[in-house]
1. How high is the relative contact order of chain A, given as a whole-number percent (alpha carbon pairs under 8 Å, six or more residues apart)?
2. What ranking, highest mean first, results for peptides A:12-22, A:49-59, B:88-98, A:138-148 when packing means the other Cβ atoms within 10 Å averaged over each residue?
3. Between 0 and 90 degrees, rounded to the nearest ten: what's the tilt of helix A:111-121 against the longest Cα principal axis of chain A?
4. Using alpha carbons only, how many degrees (0 to 90, rounded to 10) separate the axis of helix B:3-18 from the longest principal axis of chain B?
5. For A:44-55, what's the mean count of beta carbons from other chains sitting within 10 Å of each residue's beta carbon?
6. Quick one: compute the contact order of chain B, relative version, from alpha carbon pairs under 8 angstrom and 6+ residues apart, as a percent.
7. With the convex hull built on the Cα atoms of the range A:1-104, state its orientation-averaged projected area in nm².
8. In degrees between 0 and 90, to the nearest 10, how far off the longest principal axis of chain A does helix A:45-61 point, with axes built from Cα atoms?
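Values quoted throughout were computed directly from the atomic coordinates according to the rules given, and no laboratory measurement underlies them. Everything numeric here is computed off the predicted structure, so don't read it as measured data. For neighbour counting, all protein chains shown are included, and Cβ atoms are generated from backbone atoms with ideal geometry for every residue, glycine included.
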Amino acid sequence: MASITDISLVAQVAVLGNRKAFDELVRRYQSPVRRFFLHQTLGDEQLSDDLAQDTFIKAYMNISKFKGLASFQTWLMRIAYNVFYDYTRSRKQTEDIDGIPERSTLQAQPSLKMDLYHALALLKPDERTCITLQLVDGYDIAKVAQITQMKEGTVKSHLSRGKEKLANYLKQNGYG
Amino acid sequence: MDEQNEKLLRQFFSESAEQKIEDNGFTEKVMDRLPVRVKRYTRIWTIFCVLFAAVLFTVFHGWELLLVQFEVFIRTSIAEPPHANPLMVVFTLFCLMMIGIYELLSYERVIR
């Protein structure tokens, strides 16, 4: 099973409409996609899973647009980023109108996770995205720029500011 | 950003970087929510082609033509080079039918 490449699976989905092939792609990449959303939502599991589901459905609907220029995972993460961007924009509009308070799940997390999400909560959304894509998902600056469609210089700025905030927070809380 | 801070952050995020989230039915939920793709017409067209080829093959007694022409082909191919003839037409139809069947089977192929 592992020998079947992503490209082969994508081709089976795009050309033959093979749902089993897409099932395999979801199994392969559900973990990094859900983890990405967990960090962006500061540990809201339900919301993360909803957004991850939306991501895979969008990927399925647009799979014929995948040209193989980047890896399938990078392409998927770009969709995930767009899904989260759309979500935050729509939520901001709703909050502006209705005054709905921001969702918080920080109290429900175990200690270390709580520290992680408290630390990430200090960052602006773009800083958080760049930081987690680099330090958790292991993407280099070029890939982060590709996923977020930001310029590399902008990514570097977000990383620099975010890391400074995080380092200060960690030192103040006995990690340094 | 000095190296010390970088090291501190990498240590802090190391556990998250190694975190694997178990599927726990997530994939099934995604597959249940997948819309039916417009590509259904592809399958209908494939079935139509296969049926059409099968009908032609039956109506024109393709198997008889195949056998006769194959025998002739074998006997004469050594003596003279092959050229376009009814055999080629029947053989092409047969190949098209095989391709259609293959595509139909591939559509449903279980890859797991």
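1. 21
2. Working: A:12-22: 19.7, A:49-59: 21.5, B:88-98: 15.5, A:138-148: 18.0.
With the highest mean Cβ count within 10 Å placed first, the list reads A:49-59, A:12-22, A:138-148, B:88-98.
3. Rounded to the nearest ten degrees, it is 90.
4. 50
5. On the way: counts 0, 1, 0, 0, 1, 5, 1, 0, 4, 6, 2, 1.
Mean shielding by partner chains, rounded to a whole number: 2.
6. On the way: 32 pairs, mean separation 36.5, N = 112.
Normalised by residue count, the contact order of chain B is 33 percent.
7. Numbers: hull surface 28.5 nm².
If I average the Cα hull's projected area over directions, I get 7.1 nm².
8. 30
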